[in-house]
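For reference, the structure is listed below as structure tokens.
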Amino acid sequence: MTAHLAVVLVEPSGPLNAGSVARLCANFGVASLRLVAPRCDPADPQAKQMAVRGLEQLLACELYPTLEAAVADCRRVVACSGRVEEKSGSTCCRKRLCNGCWNPRPDQARWPWCLAARTTGCTAAN
């Protein structure tokens, strides 16, 4: 079941975060790690050290300029962020992105789990 999941990190700011999420992917059998506009280098030695058995997932991660591009081939999107306050115009799931959540297209097989930065949520990458 986890082979169809994609973990999407939105604007990861530190190599330790990227490495630990790669390790999570390896531990749970998630083959696809996607980074949206990363603010760190996934090949950083600290990321590699933190990845441990997830080094393969870390080095094979895919880079995307926007969240929308990262989930374009996905059937449903599940997202979470440490950002809980709402500000004008900063909803995490924009309508154009979430239309695919509630009305999945039958040709899409992947289900991404999006993790966004506490400071910006998902909006900065849209």
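Every read-out reported here was derived from the displayed coordinates using simple, explicitly stated rules and does not represent laboratory data. Nothing here was measured: the structure is a model prediction, and the numbers come from that model. All Cβ positions, even for glycine, are placed from backbone atoms using ideal geometry, and neighbour counts span all protein chains on display.
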## Note on the structure
Charge tally for neighbours of Ala26 with beta carbon under 11 Å away, counting Lys, Arg as +1 and Asp, Glu as -1, is +1
### Message
Please state the shape class of the stretch 1-75: rounded when a/c is under 1.5, otherwise prolate if a/b exceeds b/c and oblate if not, all from the C-alpha gyration tensor.
### Response
oblate
#### Entry: Length released on extending from Phe28 to Ala3, taking residue separation times 0.36 nm less the Cα-Cα span
8.1 nm
### Task
First select every other residue whose beta carbon is under 13 angstrom from the beta carbon of Leu16; then total the charges, Lys and Arg +1, Asp and Glu -1.
+1
